[in-house]
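Since every read-out is calculated from the coordinates, none of them should be taken as a lab result. These numbers were taken from a predicted model, which means no experiment stands behind them. Here the Cβ positions follow ideal geometry from the backbone for every residue, glycine too, while neighbour counts run over all protein chains shown.
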Amino acid sequence: MSAKSSEPETAVPAPRETTALFGHRDAEQTLLTAYRSGRIPHAWLIGGAQGIGKATLAYRMARFVLAHSDPAAQAVQSADNLYVDQDHPVARQVANGSHGGLLTLERTANEKGTMRTVITVDESRETIGFFGSTAASVGGWRVCVVDIVDELNANASNALLKILEEPPARSLFLLISHAPARVLATIQSRCRKLSLRPLETDEVVQAAAEAGGLTRRDPALGEAADAAEGSVARALTLLGGQSLGLHQRTLELLNRLPQLDQRALHALGDALPLNDRVGLKAFVDTIDRWLTGHLHAPDAGANLPRLARLAEVWEKINSAARDTESFNLERKPLVFSVFGMLAEATAARSQAR
């Protein structure tokens, strides 16, 4: 019998259910102003770090457009933000996924019940039927949220591109990306780019408290928010002693690279039992943040071969992490594989100096 995590996973409302938005006032106003103009771009690429509220903003925009189908209406022209009350019929329909004017493209489970690692071409082709159908019953607007566009496989990206190239009238695409610069260039060219910044620590505290039903003065929440680097999702993942401890232990080992402490790696692997999705996420997220920092360091562009090596390692690590989560594989081999790749990459970097 496999061991189970003793740390409960914080119950967090999905972005489609979340009506509150913390931070991103400027981005929200950009969307609202564009909609009020009556000439809103048909596709938006909403980019930024993971867990900062990109999907929350996308669904907030979708609710507003579906609830207010006429950009010239007084309610739209006088609106201060994109808020739609959670008791509004559109808000309830969006929350339970039943609104006929909204299509979401996201990873789904396969026939065996295992979560796929990508969004497939068959799912992407749903946009053709969706945008080809009548929208009279929903006021003429059809909205597609892609969460996240980074997970489209090559064929799915091309299928989405076809509909982006010839968008129907009154269609709106909200594409969410953790790495917008790596999105297919032809998709980028057909989107208005909207970049979201990481949240301030106090905004993370407010958003995490709201999402998790927590007390803002909780010391654990403050500590998690400090370590979250502007990400609400990361703060919620780190909440609780075990996840925060995993983050700190992983970061300590990362800061020793290219040296490897075999005993510490074994201990870290043992701290990640099967079925512990929260701990695995804390581990992978810490690695991802560390790599992101190195890839975007001020001197990163000075050594393109080194940058390419780190980018390649990033791809391999994310692929291995997705497989580990999807198939519930042993965590220790992932820990050793990740640190082995990072040690090799950082050793090469040290030699190049």
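A few comments on the model shown:
- Over the chain, relative contact order from alpha-carbon pairs under 8 Å, at least 6 apart, %: 20
- Cα convex hull, the range 240-352: 89 Å³ per residue, rounded to a whole number.
- Taken over the C-alpha atoms, the chain has Rg and Dmax values of 21.3, 66 angstrom.
- When the chain is described by a simple charge dipole with +1 on each Lys and Arg Cβ and -1 on each Asp and Glu Cβ, the residue from 340, 326, 94 located farthest towards its positive end is 340.
- With Rh defined as the Kirkwood radius, the inverse of the mean 1/r over Cα pairs, the Rg/Rh of the range 15-195 is 0.94.
- Per-residue ellipticity at 222 nm computed for the chain from its helices equals -15500 deg cm²/dmol, with DSSP H segments shorter than 4 residues left out and the rest contributing -39,500 (n - 2.57).
- Euclidean distance of C-alpha centroids, the range 268-324 and the range 56-75, integer Å: 37
- Projecting the Cα atoms of 48, 220, 183 onto the charge dipole of the chain (Cβ charges, centred on the Cα centre) puts 183 farthest toward the positive pole.
- Its relative contact order, with pairs defined as Cα atoms under 8 Å and 6+ residues apart, puts the range 240-352 at 38 percent.
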